[in-house]
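So the structure is just underneath, and the comments pick up after that.
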Amino acid sequence: MMITKFRINSLILFVVLPIVLFCGNFSFGIENKTKEQISIPTSTVSVELSSSIKYVSLSLKDSVVFALRNNFDIEISKLNAKKEDYNITAEKAKYDPTMKLAADIQNNEVPISSKLVGGLETTSISPYVEEGRTADAIIQSMIPTGATVSLEYNIFRDFSDPAPFSLINPYYQNYIEAKITQPLLKGGGWFYNRSLIYIARNNKKISLAQFKSTAIEVSNTVQEAYWSLVRAIEDLRVARKSLERAEDLLKKNKIQVNTGTLAPIEIIDAEAGVASRVEAIISAGNAVKDKGDELKRIMNLADNEIISEAEIIPIDKPDFQPKKVEMKDTIKIAMEKRPELQELHLKTDNAGMEKRRRKNELFPALDFTAGMRYSGLGDELSDANDSTFSEDFQGEFFTVTLAFPIGNRSARSAYNKSKTDERQAGINVKKKELDIVVEVRASVRAVMTNAERVNATVKARELAQRRLEVEEKKYSVGRSTSLEILRAQEDLATAEGNEAKAIIDYEISLGKLEKAKGTILDSYDIKLEEEAI
């Protein structure tokens, strides 16, 4: 009864082992896996063409979207993230089953003089012929515990001539064997054998964090370039307005000179003022083109013939709305959102897993092997197979193997290096945290400073406007000169330019603050979304 029960249990193991062999990779590999991809909103850019002028109206968000879709650095980051998927697959591939097929044919003819081998009829040296045919099929695989499982089917056909003592000639002998070898110390355990997959998945997350960092950098570069273009356009507007004032003064002076109420020298001063304003407009117009080309370069619009030749018209205008920023809350958000910090935390996690792997390799190799074999014999292959699967001829085997390197210096060096790498990764995290704190504090101060600058420049512009009005009134009664009017106009133009610059600097500093917090993508509704696969 005990023998029968043992054979039934053996048969169950014999049946289960091939199932694990073929399906173990899937049963052990089922996990909740996710991948992240960037989701960029659709752009709403309007392209308008006239008969002679081509221009593109762009909002700040449209500009960011264009850059994220076309920027070369973004494309490279996407490919890096995709490459990590292949590395994950490569690490999983070691659990794929492999099959080995082998065949062997041997024909031997040797002289014999033994009656024991040749039979009683042997009276002299005679030939002895032996023919052997072997076919072997083995399928094996590794499972996450580190064990190697295998299933082998072997067929052997033997023919001997003469064969005086053989009951069957030729005969078929085959066996089917199931075996498992499990490392108990070095190389054993679920974590050790799956750790490289875990590290590869972390590397994928690292590549996504790097991708997000690149997207943040590009978005910040775009917003700076966009507002720089707006500032150049505003400078051109101020220059044109200043020219209008100078031309108006020149017109009035000519009228007064013609009526004899003003000296002709005043016309020369007014004309010099107009000429200087024209020069300022030329310089400002060239600056607008340069800033527009810089924005196009960041958005990588050079390949589009229409857009590359078109003039960019910014839709968004600077609107000074003072915002209250809390330093403590801003730093807290940055610590949670900054992808560079997330990247370093993942690298620290990888370093910790690598240290655990290397510690396992310090152990001696202690492997346990167990298996069973069913054998069969017959004058036909079908008879041998029936004999094999009848369970009449069953064998079991168990093996324990212990091996350890003397000194084990290589494994110890690798383990000590992994400990150093983990410590270094931890230091990098602390260093980045300090850098982020400093960056956030500087960004918050820049926002506050620029808000104060706006208030100051508004006041300065109002005073410059009043001064010009006073000079114009004095000029109308002969108590001032064209030169003083022109100086007051220049002062007003400078004050208007400073006000516009301060407001735009405030907008740029807000964008840099979002970058420092790691939330600039959120401000444009660009998010990394997880999709189950």
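The values are calculated or read from the model by the stated rules, or taken from the named source; none is laboratory data. Keep in mind the model is a prediction, meaning the values are calculated, not measured. So basically every Cβ, Gly included, is an ideal-geometry build from the backbone, and we count neighbours across all protein chains shown.
Kindly indicate whether THR420 is closer than 26 Å to ILE508 by Cα and of a type in the set (Ser, Thr, Tyr). Break it down into steps so the answer makes sense when it comes.
Numbers: closer than 26 Å to ILE508 by Cα: no; of a type in the set (Ser, Thr, Tyr): yes.
So THR420 fails the test.
All but one of (1) out of contact with any Leu (no Cβ under 6 Å at 6 or more places or on another chain); (2) surrounded by 15 or more Cβ atoms within 10 Å (Cβ to Cβ) hold for VAL477, so report the exception by its number.
Looking at each condition in turn, VAL477 falls short on (2).
Just one of VAL278, VAL257, VAL274 is over 30 Å from LEU68 (Cβ atoms) and at pLDDT 85 or above; which is it?
Details: VAL257 fails: at pLDDT 85 or above; VAL274 fails: at pLDDT 85 or above.
Exactly one residue qualifies, and that residue is VAL278.
Restricting attention to segment 107-128, which residues are modelled with pLDDT under 80 and closer than 14 Å to ARG157 by Cβ?
Start the filter on segment 107-128 by keeping residues that are modelled with pLDDT under 80, which leaves 110-128.
Those that are modelled with pLDDT under 80 and closer than 14 Å to ARG157 by Cβ: none in segment 107-128.
Tell me, please, whether a residue that is acidic (Asp, Glu) and touching a residue at least 60 places away in the same chain (Cβ under 8 Å) can be found in segment 384-397. So that I can check it myself, show each step before the final result.
Taking segment 384-397 first, the residues acidic (Asp, Glu) are 386, 391-392, 396.
With touching a residue at least 60 places away in the same chain (Cβ under 8 Å) added as a condition, the list becomes 391, 396.
Yes; the residues of segment 384-397 include at least one that is acidic (Asp, Glu) and touching a residue at least 60 places away in the same chain (Cβ under 8 Å).
Taking interchain pairs and intrachain pairs at least six residues apart, which have beta carbon atoms under 6 angstrom, with the first residue in segment 82-108 and part of a strand (DSSP E or B) and the second surrounded by 11 or more Cβ atoms within 10 Å (Cβ to Cβ) and of a type in the set (Asp, Glu)?
Once the first residue is part of a strand (DSSP E or B) and sits in segment 82-108, its partners that are surrounded by 11 or more Cβ atoms within 10 Å (Cβ to Cβ) and of a type in the set (Asp, Glu) give ALA102/ASP136; ASN107/GLU131; ASN108/GLU130.
State yes or no: is ILE427 part of a helix (DSSP H, G or I), hydrophobic (A, V, I, L, M, F, W, C) and without any contact (Cβ under 8 Å) to a residue 40 or more places away in the chain?
On the way: part of a helix (DSSP H, G or I): yes; hydrophobic (A, V, I, L, M, F, W, C): yes; without any contact (Cβ under 8 Å) to a residue 40 or more places away in the chain: yes.
In short, yes.
Sort through LYS296, LYS332, LYS328, LYS324 and tell me the only one that's more than 34 Å from the chain's Cα centre (by Cα) and over 30 Å from ARG245 (Cα atoms).
Working: LYS296 fails: more than 34 Å from the chain's Cα centre (by Cα); LYS332 fails: more than 34 Å from the chain's Cα centre (by Cα); LYS328 fails: more than 34 Å from the chain's Cα centre (by Cα).
Answer to the check: LYS324.
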